[in-house]
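See below for the structure under consideration.
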Amino acid sequence: MESHYRWQIRTFWFAALWLIVAVAFVLTLVGVPLGFGILIAVTVWLIYRIARGWLRLVDKQPMPN
C-alpha cells in the first residue's frame, strides 16, 4: 500500500505544478493555446495515472518507483 500512497502523492504534486503553469499561461493571454494544451495533457496524464494505479491495486501489485 505504501507504494500506492507514494504514487498518489506524486501524481497530486506533479499535476498541481503543471496546472499552475497552465493557468499562468492562460492568464497572461500570450500563451493561451499553450496553456490549454498543457491542461489537456495534464488531464490525459491524470486519467492514465489513476487507471494504472487502480489496475495495479486491484491486482494487489505494488507501484514501480
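Take the conditions (1) modelled with pLDDT of 90 or more; (2) surrounded by 13 or more Cβ atoms within 10 Å (Cβ to Cβ); residue 55 misses just one of them, which is (2). Taking (1) in a helix (DSSP H, G or I); (2) open to solvent by less than 60 Å² (accessible area, probe 1.4 Å) in turn, residue 64 satisfies each apart from (1). With the structure loaded, tell me whether residue 48 is within 14 Å of the chain's Cα centre (by Cα), surrounded by fewer than 12 Cβ atoms within 10 Å (Cβ to Cβ) and either hydroxyl-bearing (Ser, Thr, Tyr) or not in a helix (DSSP H, G or I) (or both) or whether it fails that test. Yes, satisfied.
The values are calculated or read from the model by the stated rules, or taken from the named source; none is laboratory data. Quantities reported herein were computed from a predicted structural model and do not represent experimental measurements. Ideal geometry is used to build each Cβ from the backbone, glycine not excepted, and the neighbour counts take in all protein chains shown. Note: areas computed on protein heavy atoms with side chains; ligands, DNA, RNA excluded. Shrake-Rupley method; radii C 1.70, N 1.55, O 1.52, S 1.80 Å.
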